[in-house]
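Here is the structure we will look at.
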Amino acid sequence: MFVLFDMDGVLVDSEPQWKLVEQEVLAKFGIHMEIEELKKHAGATTFDFMTKMNRLYPEKGLVVEEMVDQVISEMEKRLVTLPLMKGVMAFIDQLQADAVPMAIASSSAIRLIEAVIKTHNLPITVYASGSEIGLSKPHPEVFLQAAKRIGADPWQVLIIEDSVNGTIAGKAASMSVAVVPESFPPRSELSIANHAFESMTDLHDYYRQGGFSYLR
């Protein structure tokens, strides 16, 4: 068994901050978007998201690289102030004790992944970034790369996700997906996940009771 964690919304409750920062940066360039609209792009890299904005608003003359840098720089400041999601550390400690290899597979930039690992002293040394790879979820490549880096075949992997795009990417990678969504019960789009849990603590309890035995 191998476990791949998404980061935003799974390890840290950073999704609200992402949306606020994206909203603030877009507003500087005269683009005003509601948070609910921004949520539809969860799982995409910042570059892909801003590239899409540039296509939608060509009259604004957006400089994609500049906007990406503004978002990532501000998120780096905010990420290090956020606590881990409830139950995350206990589950990670359990996996470490059981010698289960772990990695992070996120659309976020490498420096943001590293900031979370360093801030919380996570025992995770392997990670893959959609920003680094150049392909964001729902494309499966970030999961395939992370699995390769920890020596896992897709059928051995459990992905922990919270978003629709991430769940689609995980299934496209032929991996098992356990979703811990923002709200429970999960949206119908998340029904393709193998498992759904209300919290990380519930997922951890399921694991301790012998769940995911088909991956062990």
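The values are calculated or read from the model by the stated rules, or taken from the named source; none is laboratory data. Please read all numbers here as calculations on a predicted model, not as lab measurements. Positions of Cβ are backbone-derived with ideal geometry, glycine not excepted, and every protein chain shown enters the neighbour counts. These accessible areas exclude ligands, DNA and RNA; they are computed on the full protein's heavy atoms, side chains included. Shrake-Rupley method; radii C 1.70, N 1.55, O 1.52, S 1.80 Å.
If the condition is being more than 18 Å from Leu11 (Cα to Cα) and either modelled with pLDDT under 95 or exposed (fewer than 14 other Cβ atoms within 10 Å of the Cβ) (or both), then region 194-209 contributes Arg208, Gln209. The C-beta contact set for region 129-140 (first residue among the acidic types (Asp, Glu), second residue open to solvent by 20 Å² or more (accessible area, probe 1.4 Å), distance under 7 angstrom, 6+ apart or interchain) comprises Glu132/Ile110. Considering region 110-161, and only residues there that are modelled with pLDDT under 95, open to solvent by 60 Å² or more (accessible area, probe 1.4 Å) and assigned to a helix (DSSP H, G or I), the residue that is nearest to Val10 (Cα to Cα) turns out to be Arg111.
When the criteria are applied in full, Ser191 meets the requirement of being over 17 Å from Leu11 (Cα atoms) and not in a loop (DSSP other than H, G, I, E, B). For region 163-185, the set of residues classified as assigned to a loop (DSSP other than H, G, I, E, B) and open to solvent by 40 Å² or more (accessible area, probe 1.4 Å) consists of Ser174, Glu182, Ser183, Phe184, Pro185, listed by residue number. Inside region 194-216, residues that are in a loop (DSSP other than H, G, I, E, B) and of a type in the set (Lys, Arg) make up a count of 1. Among residues of region 88-112 that are under 24 Å from Ile168 (Cα atoms), those with a Cβ under 6 angstrom from a residue that is among the aromatic types (Phe, Trp, Tyr), sequence gap 6+ or separate chain, pair up as Pro101/Phe2; Ala103/Tyr127; Ile104/Phe5; Ile104/Tyr127; Ala105/Phe143. Applying the set (1) under 24 Å from Leu190 (Cα atoms); (2) open to solvent by less than 40 Å² (accessible area, probe 1.4 Å); (3) at pLDDT 90 or above; (4) not aromatic (Phe, Trp, Tyr) to His41 leaves exactly one unmet item: (3).
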